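Quick notes on the structure that follows.
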Amino acid sequence: MGIQQNTINILNELQQNALKIDNIQAGNFIDQIKNAKHIFLQGAGRSGIAIRGFANRLLHLGFSVSMVGEISSPHTKPGDLVIIGSGSGETGSLVSLAQKAVASGVDVALVTMKTDSTIGKLAKSVLVLPGTVKEENDRKEGVFSQPMGSAFEQLCFITYDAIVLELMAQLGETSDSMFKRHADLE
């Protein structure tokens with residue numbers, strides 16, 4: 001098929017999935033971010049890579065953020081938010097994290113494919129992104145579909161950037177104002 005056609009197929013799949021994003025869910029997710037005192041973020045595997053990029057942009061927007069498990073991560077307080085990226089909503093370490101957050105009085109927001117997952121039931125807001133979890137590998141003959149959770153993970157990264165754009169508009173931020181918060185020791 002070739003790299004060029006594979007790339008076009010991936011972009012077409014992501015475009016079709018993006019059309020299914022619920023703006024009300026996204027709005028609730030954004031409201032939680034705007035109202036949080038401190039935002040903790042975590043994901044596992046490739047979803048974890050995508051959410052790290054999101055944490056970076058939230059920092060550039062002026063939010064107080066940290067990745068769970070980093071040595072500089074502060075203690076949680078009421079009014080804080082934990083954002084979890086998990087396609088299945090069932091990853092063991094992330095389920096434990098959500099349970100601990102809720103037990104500590106910290107709100108949870110989830111980006112997932114599965115609203116009715118264990119983490120989904122604990123979360124105050126759930127943003128569903130279409131895709132296929134890694135365990136679901138029954139592809140339909142003649143229908144393009146990426147392996148495992150690739151489409152979800154890619155759509156996470158793009159959706160996080162779309163959320164950043166919306167937050168920029170709502171908060172009156174620009175690339176220039178955000179750049180002033182960009183790391184200068186690299």
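No lab work stands behind these numbers, since they all come straight from the coordinates. All values reported here derive from a predicted model rather than from experimental measurement. All Cβ positions, even for glycine, are placed from backbone atoms using ideal geometry, and neighbour counts span all protein chains on display.
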Quarter of the Cα convex hull surface for the chain, i.e. its orientation-mean projected area (nm²):
11.9
Give me the distance between the Cα centres of region 145-169 and region 58-111, rounded to whole Å.
18
Too long for a 32 Å Cα-Cα cut-off, among Lys37/Lys180; Lys121/Lys180; Lys20/Lys180; Lys20/Lys77, are Lys121/Lys180; Lys20/Lys180; Lys20/Lys77
Peptides ranked, highest mean first, by Cβ atoms within 10 Å: ranges 19-28, 47-56, 177-186, 122-131
122-131, 47-56, 19-28, 177-186
With contacts defined as alpha carbon pairs under 8 Å and 6 or more residues apart, what's the relative contact order of region 27-186 in percent?
23
Using only the alpha-carbon atoms, how far is helix 150-171 inclined from the longest principal axis of the chain? Give it as 0 to 90 degrees, nearest 10.
40
Helix 92-103 sits at what angle to the longest principal axis of the chain, using alpha carbons and giving 0 to 90 degrees rounded to 10?
40
Total charge of the residues flanking Leu122 in space, meaning their Cβ is under 11 Å from its Cβ, with Lys and Arg +1 and Asp and Glu -1, is +2
